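The values are calculated or read from the model by the stated rules, or taken from the named source; none is laboratory data. A quick note: this is a predicted structure, and the numbers were derived from the prediction, not measured. Here Cβ is always computed from backbone atoms with ideal geometry, including for glycine, and neighbour counts include all displayed protein chains.
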Amino acid sequence: MRLLPSLTRWSRLSSRFPALDASSNKESSSEQGRIVSLTVEPMRWLTGGALIGALTLLLIFLGLLLWEGAMAFWPRKLYLIQTTDQQAWLVELVREETFTPLRTKPDSHSEGGLPLRQLLYLGAPGMGVQPLRWVPTAAYQEVKLPKAALSVELISGERFHGIPLALSEEERPPLTRPADIIARWQQLRTELDAWRNWKASTRRELSRLSERLEQAQKEHRKALRLRPQDAFGINREWDLQRQALEKSIQSAQQQLNEILAQQPTVRLTLQVFPGPKPEQYTIDGIDLIRLYPANQLSALDRIGVVLDRWFSFLTEQPRAANSAGGVMPALWGTIVMTLLMSVIAAPFGLITALHLREYARPGALLLLVRISLRNLAGVPSIVYGVFGLGFFCYVLGGYLDGGADAVGWAPWPAKTWWLAVALTAFCGTGAFLLGLRQFAGIDPQGPLLYRLRGMLSLTLWAICLVFFVVLIATIPGFQGLYRSNLPEPTFGTGGLLWASITMALLTLPVVVVSTEEALASVPFSLREGSYACGASQWQTIRRVVLPRALPGMLTGLVLAMARAAGEVAPLMLVGTVKLAPEVPWKERFPFVRLEDQFMHLGYHLFDVGFQSQNGELSRSLVFATALLLVAIVFVLNLSAVWLRAWLRHQYPLSA
């Protein structure tokens, strides 16, 4: 009871002197903040340390990848090494390390630490020596840096090291001075590249004409099967077409022979060092793609060599079983597959998220759908690959190739099929009318009948969907689109189309969840304001909700594209191959051969890194390919951040 007068007195004082109450509150709040700070300080340090550790690991990974990727094509110096066992090698130093030698005597331990050994690339392939060899530095008798040493790269992926002796051409005196040889090669390289491109384009034209002849022959067989009564006219038209194509093929083959006859005659003679004594080795100039004096290059010259190698890496086809050459087909396949995937996944993800967030009524079914979508996001990617192979490739692809018979289905009789069409149309009409009644609101007869009518409408739509799939699969008289190509499959195997659809299924949960979250972040007051102005629900969604949810939606789509660009496991089953030097491109619409198999950067990285015959020689290609793939994903993520910021600036209340 004594506390009450004191509290009353304090309230009077605080009302008369507000500063006293404010200072008291300030002191109590500062004291409370000091206590909270002392309480959470260990957790603050713990979380900060975890963040620093994660960032450090990320920076180490990116730094290693950037360094190894940037130095993948850096030209190294060449050393002429004379060993104690009278071996002479012109080598390139790959790396060095310490090692523990085998010892037979306990007192033979070397002083001063472990000995050093170096991995050397000998640069004399095809001359009876191993390209790579570990050599202890204690075995070196003499090490020199020959000024005239050349590093020579061939189309086959091999690299020779040697001292230039002569560069001979037809109707020209041979050049023997190293400076003259290098200067003349810079002129010849343009001519040789032009000749190679000329030959490659003529061969592509010859291959295209042969493909057209084969396709015309398949169409001729198909026409005879479908219209046997017009066999005479079909055969006559085929003869005229065949003669024209064969004439074009003969002309292209003659042009190719003329090109081969005009092949430049260039010979480069090198002094190579494969062992005890040097030998002479002659290289055909047509097989050369690059040579440079490794020990005379300045810093700018080395950067020029690096840029030249990177340009070749991005624009050329792979060679020597993917252990040399470029990644242009793999880069093209990755980009096209990712774009097709986004075109397929974006509309389905948007429509699904719109219905779940704006139209679907809360309930057990909606909760089940959302839980299923989030569970699908955690399914291993290889499961999607197995599903794509079994359903898309074998079932849908086989049906497109040879009809229902090709996949073991029995087509329905025509009367039964049309009866099923009528039943499907009846169910669809009933479901549509019931749905219209649902949009009118709560039924005056009671909410129970309203819910029953909704369930009946949903059931009828499900029945229509099942009947529609069955009707498509049992069309009478449908024998496939590519039956004349059987038993060779067209769509019945892995290809670009099935790979894109499989990756769209894999990324669809990500697109749906991100789109739904973006729609949910739009304030409901904006919807209410639109409804108050007389707008319908669709007008509100189209003009109010979607523009402000667009940043989050596009961000989710771009992140899904980034994930699809880096996935490998599903693609190994549904379309990607080790080597497909021809990109899936054609001159007519849709300009992309959807049935073709393709190369992918992720699978190419796996193949070069783990399936190569000599992993040490392809080490540079592994890091260069990894850097390129990470760069593509980084650009996609950066574009998502920029797009989100730009759209937020356009729509200030956007997600």
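With respect to LEU165, is the statement that it is over 37 Å from the mean Cα position of the chain (by Cα) and either assigned by TED's automatic domain parsing to the domain that holds PRO274 or polar (S, T, N, Q) (or both) true?
Judged against the criteria, LEU165 is a match.
Scan the helices (runs of 4 or more DSSP H) fully inside the range 484-572 and keep the ones with 3 or more residues being touching a residue at least 60 places away in the same chain (Cβ under 8 Å) and either in the same structural domain as PHE392 (by TED's automatic domain parsing) or not aliphatic (A, V, I, L, M) (or both).
Output list reads 496-520, 546-566.
Which of the residues that make up the range 269-290 are of a type in the set (A, V, I, L, M, F, W, C), under 40 Å from the mean Cα position of the chain (by Cα) and surrounded by 18 or more Cβ atoms within 10 Å (Cβ to Cβ)?
Selection gives ILE283, LEU288, ILE289.
Which pairs do you get when a residue that is assigned to a strand (DSSP E or B), found in the range 75-88, comes within reach of a residue that is among the acidic types (Asp, Glu), reach meaning Cβ atoms under 8 angstrom, with the pair 6+ apart or on two chains?
Partner pairs satisfying both residue conditions: LEU78/GLU92; TYR79/GLU92; ILE81/GLU142; GLN82/GLU142.
Output the number of residues of the range 150-188 satisfying the condition of being of a type in the set (D, E, K, R) and under 18 Å from GLU279 (Cβ atoms).
Final tally of qualifying residues: 2.
Which of the residues spanning the range 405-425 are over 18 Å from LEU465 (Cα atoms), aliphatic (A, V, I, L, M) and modelled with pLDDT of 75 or more?
ALA410, ALA414
Any residue in the range 437-448 that is over 44 Å from the mean Cα position of the chain (by Cα), at pLDDT 80 or above and in a helix (DSSP H, G or I)?
no
Which of the residues belonging to the range 205-230 are more than 13 Å from ASN485 (Cβ to Cβ) and of a type in the set (Lys, Arg)?
Of everything in the range 205-230, those that are more than 13 Å from ASN485 (Cβ to Cβ) and of a type in the set (Lys, Arg) turn out to be ARG208, ARG212, ARG227.
Counting only residues that are surrounded by fewer than 18 Cβ atoms within 10 Å (Cβ to Cβ) and over 22 Å from VAL568 (Cβ atoms), how many does the range 615-643 have?
Going through the range 615-643 one residue at a time, the tally reaches 6.
Considering only the range 505-532, state which residues are crowded, with 24+ Cβ neighbours inside 10 Å and not polar (S, T, N, Q).
LEU506, VAL511, VAL512, GLU516, ALA518
Which ones in the range 292-333 are more than 30 Å from the chain's Cα centre (by Cα), within 24 Å of ASN614 (Cβ to Cβ) and small (Gly, Ala, Ser)?
ALA294
Here is a list of conditions, (1) part of a helix (DSSP H, G or I); (2) of a type in the set (Phe, Trp, Tyr); (3) in contact (Cβ under 8 Å) with a residue 40 or more places away in the chain, and PHE232 meets all of them except one; can you say which number that is?
Result: PHE232 passes all but (3).
Among the residues of the range 151-190, what is the count of those that are in contact (Cβ under 8 Å) with a residue 24 or more places away in the chain and out of contact with any strand residue (DSSP E or B) (no Cβ under 9 Å at 6 or more places or on another chain)?
0
If you go through the range 168-181 one residue at a time, do you hit one that is at pLDDT 85 or above, polar (S, T, N, Q) and part of a loop (DSSP other than H, G, I, E, B)?
yes
Among the candidates LEU209, LEU154, which residue alone is within 33 Å of the chain's Cα centre (by Cα), buried (at least 16 other Cβ atoms within 10 Å of the Cβ) and closer than 30 Å to GLN243 by Cβ?
Testing whether each residue is within 33 Å of the chain's Cα centre (by Cα), buried (at least 16 other Cβ atoms within 10 Å of the Cβ) and closer than 30 Å to GLN243 by Cβ leaves just LEU209.
Can you pull out the residues in the range 299-319 that are among the acidic types (Asp, Glu) and surrounded by 16 or more Cβ atoms within 10 Å (Cβ to Cβ)?
GLU316
Just checking, how many residues over the range 320-349 are more than 16 Å from ASP596 (Cβ to Cβ), surrounded by fewer than 19 Cβ atoms within 10 Å (Cβ to Cβ) and not β-branched (Val, Ile, Thr)?
The qualifying residues number 4.
Out of the range 278-317, which residues are without any contact (Cβ under 8 Å) to a residue 60 or more places away in the chain and assigned to a strand (DSSP E or B)?
Answer for the range 278-317, where residues must be without any contact (Cβ under 8 Å) to a residue 60 or more places away in the chain and assigned to a strand (DSSP E or B): THR282, ASP284.
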